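Undergrad: Please find one structure pasted underneath; my questions will follow.
Any read-out appearing in this document is the output of simple, stated calculations on the displayed coordinates, not a laboratory observation. The structure displayed is predicted, hence computed values, not measured ones. Reconstructed Cβ throughout: ideal geometry from the backbone, glycine too, with neighbour counts over all protein chains shown.
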Amino acid sequence: MGAVNFARPAQLVILQAMLWWILSSLLLLAICGLLWLFWWPGWQRRRIMTRAFPAPWQQILHDNLPYYAGLPEDLRKRLQQQILWFLHEKTFVGCGGLQVSDEMRITIAAEACLLTLHQPGNHYARLRFIYLYPNAYRASNREVTAAGVVSEQTQHRLGESWHDGKVVLSWDDVSRGSSNFGDGDNVVLHEFAHQLDQASGDSNGAPLLRSAQSYQQWARVLAHEFEALQRDARHGHRSTMKYYGATNPAEFFAVATEHFYEQPEHMLERHPELFRQLQQYYGVDPRELHH
Ligand SMILES: [Zn+2]
């Protein structure tokens, strides 16, 4: 009887070693991929947001935002952190010969971040570019009617917000809107309210809310107020809100946001339910900005 050979053939050993090597490499790659997906963005965000906020930038906030000096220290800090992240992620592009300055970038970032100051999370994540013109710019508006008739008109615009990661603004109007924080006119608040609305996928006047019940209340209150504004606009009745809000539900939300932040006392007095809905969504009582 011959002796049994327990030794494995050399080829099998090499094959097993290669298999282990491939499997461990794949595992390592998967771990790196998961880290990159879940840990890296948060780590990078924290790293950027904890950078020192330059003193000249603080001066711009003091000079251009009437409410900044009255903010409690913790909110000032939070606003600065959000501005740092906003400036890191978004690219400003000067149009019509405009040279984009720090004053322009900081002022726009601050007003955009004012809307998200009390809402945790990375807002405006899809936004990549902010195109800035020196003043109101001309844009053509193309419309196709149900009958297939195409009409094209040239309009003067102060700002636009798009689903595909861009906002367009006129600096003249940004500057006027930020220095006069009480007339209900603020193109940055308006366009960035559109961005929040568009984050839900549609431009329909309903940003991302916390629960199904919140959507029901939101739809009930905003539809009621929207119809009331449409009636006021149709009959030429005086309204605390701009008639432009009667254009459609998306414009209503953007106009209501301007009114809520800039004229909160008026809104609370004339439209208390709308005030409460916006207060719940934005997580702030903007009367505190008007002391
Ligand atoms: Zn609008």
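Undergrad: Provide the gained length on full extension for the span His237 to Asn180, in nm with one decimal, where the gain is 0.36 nm per separating residue minus the Cα-Cα distance. Don't jump to the answer; show the numbers that get you there.
TA: On the way: separation 57, 0.36 × 57 = 20.52 nm, distance 2.51 nm.
Result: 18.0 nm gained on full extension.
Undergrad: Considering the convex hull of the alpha carbon atoms of the stretch 22-85, report its projected area averaged over all viewing directions, in nm², one decimal.
TA: Details: hull surface 21.6 nm².
Dividing the Cα hull surface by four gives the mean projection, 5.4 nm².
Undergrad: For the stretch 11-144, take the alpha-carbon Rg, divide it by the Kirkwood Rh, and send me Rg/Rh.
TA: Working: Rg = 22.9 Å, Rh = 18.5 Å.
That ratio is 1.23, to two decimals.
Undergrad: Which trypsin sites (Lys or Arg not before Pro) in the stretch 1-97 sit in a loop by DSSP (not H, G, I, E or B) and have at most 16 other Cβ atoms within 10 Å of their own Cβ?
TA: Details: sites: Arg45, Arg46, Arg47, Arg51, Arg76, Lys77, Arg78, Lys90; in loops: Arg51, Lys90.
Of the trypsin sites (Lys or Arg not before Pro), the ones in loops of the stretch 1-97 whose Cβ has at most 16 other Cβ atoms within 10 Å are Arg51.
Undergrad: For the stretch 212-291, what relative contact order do you get, as a whole percent, if you take Cα pairs closer than 8 Å and at least 6 residues apart? Please report the intermediate quantities before stating the final value.
TA: Numbers: 61 pairs, mean separation 19.2, N = 80.
Relative contact order, the stretch 212-291: 24 percent.
Undergrad: While we're looking at this one, here's another question. On the Cα set of the stretch 90-248, report Rg and Dmax in Å, please.
TA: 17.1, 48
Undergrad: Another one. Only loop residues by DSSP count here, and only those with at most 11 other Cβ atoms within 10 Å; note down the trypsin sites (Lys or Arg not before Pro) in the stretch 107-138 that meet that.
TA: Details: sites: Arg126, Arg128, Arg138; in loops: Arg126, Arg128.
For trypsin sites (Lys or Arg not before Pro) across the stretch 107-138 that sit outside H, G, I, E and B with at most 11 neighbouring Cβ atoms in 10 Å, the list is empty.
Undergrad: Fewest Cβ neighbours within 10 Å first, please rank Cys95, Cys32 accordingly. Kindly include the intermediate steps, with their values, before the conclusion.
TA: On the way: Cys95 15, Cys32 11.
With the fewest neighbours first, Cys95, Cys32 line up as Cys32, Cys95.
Undergrad: Debye calculation, C-alpha points only, no solvent: report log10 I(q)/I(0) for the chain at q = 0.07, 0.16 Å⁻¹, in the same order as the q values.
TA: Per q value, in the given order, log10 I(q)/I(0) is -0.36, -1.37.
Undergrad: Suppose we keep just the alpha-carbon trace of the stretch 123-185; what are its Rg and Dmax in angstrom?
TA: Cα only, the stretch 123-185: 14.9, 45 Å (Rg, Dmax).
Undergrad: Sticking with this one: Per residue, what volume in Å³ does the Cα convex hull of the stretch 200-291 take up? Could you put the intermediate results ahead of the total?
TA: Numbers: hull volume 7.7 nm³, N = 92.
Cα convex hull per residue, to the nearest whole number: 84 Å³.
Undergrad: Also, quick follow-up: Looking at the chain as a GNM with Cα springs under 10 Å, which of Gln82, Gln59, Gln195 has the largest mean-square fluctuation?
TA: Result: Gln59 has the largest fluctuation of those listed.
Undergrad: With each run of n ≥ 4 DSSP H residues scored as -39500 (n - 2.57), what mean residue ellipticity at 222 nm is computed for the chain after dividing by its residue count and rounding to the nearest 500 deg cm²/dmol? Mind dumping the intermediate values first?
TA: On the way: 11 runs with 154 residues, N = 291.
Estimated from H runs of four or more residues: -17000 deg cm²/dmol.
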